[in-house]
Amino acid sequence: MAPLPFTINIEPRDNGAVVHLVGDASLVQADFMREALRPVREQRYAWVVLNLAELMFINSLGLGVLVAFYKGMLSTGTPLSLAGPTDRIDEVLQTTRLNDLIPTFATVDQAIQGG
Amino acid sequence: MRPSIDQKLVLESRLDDVSRAEEAILRAAEGFDFSEGALFAIKLALEEALANAVKHGNACDPSKRVTVEFDVNEERLRVSIEDEGPGFNPEHVPDPTLDENLAKPNGRGVMLIRAYMDEVSFNPSGNRVTMSKWCRGRPSDSESDA
């Protein structure tokens, strides 16, 4: 079970952005994740959706990056939501109750409409 | 019956070093009948415990080591992870799922270990965690299901 490569792809859409988190956000990826999300915050999009459909793994370090990112977006007035978590990632979000903190939707389209 | 595997690894206090231990343990577990969900749980608990040992226990001090011992057989995987730090009292870790703690970026590791493993214990000084995952659920769970 070697970790899958982890990538973050930013897709500008209308006046917002869909950010695709792909692979395993494993132990050594938290710093990369923080740095890769920094330009999303600096770009001042009207809204941002993190697409988790292809995120296969995340630990508490990665969750901490998401929480810090959410708070940063909140401070600039940019709505942030999560979309499409797999069952396993959804379970982690529910176990930690982060789905109560960060709006979470089944699909990117629902997140864009809901956000 | 497949032979059990047991191993002891002594690692430097670096995340990339302890990641190799994680991969070795998961490779060993994959040789048995753990479900995908159980392997996910083991991976998550390992990452939480290893990150705690490196970052909090040893404070990333390169002179300190993380000792990992594991054994896996057809019934269960058991892992102990020990650091050289002063230890902590796991009962004093704030509940990260309380409303007032939800927006804190840290403090979810111990809770996730407990949530995803079947058995978790700490030594009295709090610098070693031992955790187990049963291949087909805890024996007591099966008995209560019967």
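Just so it is clear, none of the values below were taken in a lab; they were calculated from the coordinates. A quick note: this is a predicted structure, and the numbers were derived from the prediction, not measured. FYI the Cβ positions are ideal-geometry reconstructions off the backbone, even for glycines, and counts take in every protein chain you see.
Helix content alone sets the calculated 222 nm mean residue ellipticity of chain A: runs of n ≥ 4 DSSP H residues at -39500 (n - 2.57) each, divided across all residues, give -13000 deg cm²/dmol.
Cross-link partners for B:K8 among the lysines, with Cα-Cα distance under 30 Å and sequence neighbours closer than 8 places in the same chain left out: B:K43, B:K55, B:K64, B:K133. Straight-distance candidates among the aspartates and glutamates for linking to A:K71, with alpha-carbon spacing under 16 Å and chain neighbours fewer than 8 residues away dropped: A:E35, A:E42, A:D100, B:D99, B:E100. How much of the pair distance distribution for the protein assembly as shown lies past 32 Å, counting alpha-carbon pairs only, in percent? Cα-Cα pairs of the protein assembly as shown separated by over 32 Å account for 25 percent.
Could you tell me whether chain B comes out rounded, prolate or oblate from its Cα gyration tensor? Rule is a ≥ b ≥ c as square roots of the eigenvalues, rounded for a/c under 1.5, then prolate if a/b exceeds b/c, otherwise oblate. Note, shape of chain B comes out oblate. If one computes the Cα centroid of the stretch A:46-115 and of the stretch B:31-86, what distance in Å separates the two points? Each part's Cα centre sits 27 Å from the other's.
Could you work out, residue by residue across A:64-71, how many beta carbons of other chains sit within 10 Å of that residue's beta carbon, and then give the average as an integer?
Counting other chains' Cβ atoms within 10 Å and averaging over A:64-71 gives 3.
Per residue of peptide A:94-102, the mean number of Cβ atoms on other chains within 10 Å of the residue Cβ is 4. Taking the helices alone, chain B has a mean residue ellipticity at 222 nm of -10000 deg cm²/dmol, built from -39,500 (n - 2.57) per DSSP H run of at least 4 residues and averaged over all its residues. The residues neighbouring A:H20, those whose beta-carbon lies less than 15 Å from its own, together hold a net charge of -3 under the Lys/Arg +1, Asp/Glu -1 convention. Note on A:F32 and B:M1: their simple-model spin labels are 4.2 nm apart, each label 7 Å out from Cα toward Cβ. If R0 is taken as 41 Å, the Cβ-Cβ distance between B:H92 and A:D100 corresponds to a FRET efficiency of 0.95.
Short-range pairs are left out: with C-alpha atoms under 8 Å and at least six residues apart, the relative contact order of the stretch B:11-146 is 27 percent. With neighbours defined as other Cβ atoms within 10 Å of a residue's Cβ, the residues B:H92, A:H20 order from fewest to most as B:H92, A:H20.
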